1. For the pair Arg10 and Asn156, how long in nm is the line joining their label points, each one 7 Å along Cα→Cβ?
2. On a full-extension model of 0.36 nm per residue, what is the gain between Gln228 and Ser173, subtracting their alpha-carbon distance, rounded to one decimal in nm?
3. If packing is taken as the mean number of other Cβ atoms within 10 Å per residue, what is the order of 240-248, 178-186, 11-19, highest first?
4. Just order 210-221, 147-158 by mean Cβ neighbour count inside 10 Å, highest at the front, would you?
5. Which order results if Val102, Val232 are arranged by neighbouring Cβ count within 10 Å, fewest first?
6. Give me the mean projected area, in nm² to one decimal, of the convex hull enclosing the Cα positions of the stretch 175-249.
7. Rounded to the nearest 20 Debye, what is the dipole magnitude of the stretch 175-249 about its Cα centre when Lys and Arg each give +1 and Asp and Glu each give -1 at the C-beta?
8. Taking R0 as 30 Å, what's the FRET efficiency between Val102 and Ala51 from their Cβ-Cβ distance, rounded to 0.05?
Amino acid sequence: MAASERPRARTASTCSLETARGTHAFKISDYISQRGLVVRGGGGRFIQSAAFAVGAATTGASAATPTGRRRLARQLVSKNAEAMATFDLRLVDQQATGQSVVLCHVAKPRLFTTKAYGWGSTLGTSRFKKKSVLEASPYMRDDSIVIECDVTVVTNKKPRVELDFGEVPVPPSDLSDNLGKLLVGKKGADVTLKVGGEAFPAHRIVLAMRSPVFEAELYGPMEEKTSQHITVQDMQPDVFRALLHFIYTDSMPDMEGFDAR
């Protein structure tokens, strides 16, 4: 006879993206005074926001102050790190609706890295607004401006292999047949039930599992708990034999020749 073949295993995996999004509001107060203040770094002059975390990456926004115009940029500041990200840089209307205007929109994920250089890579726009236009706009209020940086960091989720063995044939249950054989064979019987002068070997756990009455007698606070012999009153042996058959097999025995006295 040929050995039965094992089900063929089928595997599948999926590569998907995981995103983390964060928004940072960068307020530059005392704007007129800060126009003359500069912080050198990365080859330019700029005012930089505090670092803020999005997912596992730490980033920042900066507002550069060259003569005549301003420049906005977003920069990765995590040490020895790389991040793929999209972002928006917006200037908030502080005087009317509170809405913002998008100054720089990067919809395609771009790589930012600090591995090659000590200073993180930057990306932004130099087409901002003239100082004179900005200072007369609704984006200036109480000598301050607010820049919002909306960042989405994109990472690849590690593919996970999924196994599919298809349908595995399961044989029909034969538990009732096995319990019926256990009743007939009397192997492992640990209690004897006496009914009308006849003795019926049985198994405590099966009786208790199938009948709350037997459970109370065999495992409850009754004297039969430790007794190996229990007498059943007011029942005929044939009736009890049929009852035991039902308890073990969940079916009625052949009733031909049954004495219902």
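Readers should treat all values here as calculations from the given coordinates under stated rules, not as data from a laboratory. None of these values were measured; they are calculated from a predicted model. Positions of Cβ are generated from backbone atoms using ideal geometry, with glycine treated the same way; all protein chains shown enter the neighbour counts.
1. If labels sit at Arg10 and Asn156, their model points lie 2.6 nm apart.
2. Working: separation 55, 0.36 × 55 = 19.80 nm, distance 3.13 nm.
Length gained, Gln228 through Ser173: 16.7 nm.
3. On the way: 240-248: 17.4, 178-186: 14.1, 11-19: 9.8.
Averaged packing, sorted descending, gives the order 240-248, 178-186, 11-19.
4. Details: 210-221: 14.7, 147-158: 17.8.
The peptides rank, most packed first, as 147-158, 210-221.
5. Numbers: Val102 11, Val232 16.
Placing the least packed residue first, the sequence is Val102, Val232.
6. On the way: hull surface 18.6 nm².
The directionally averaged projection comes out at 4.6 nm².
7. Values: 8 positive and 9 negative charges, 60 e Å.
Magnitude of the dipole: close to 280 debye.
8. Numbers: r = 23 Å, r/R0 = 0.76.
Here the calculated transfer efficiency is 0.85.
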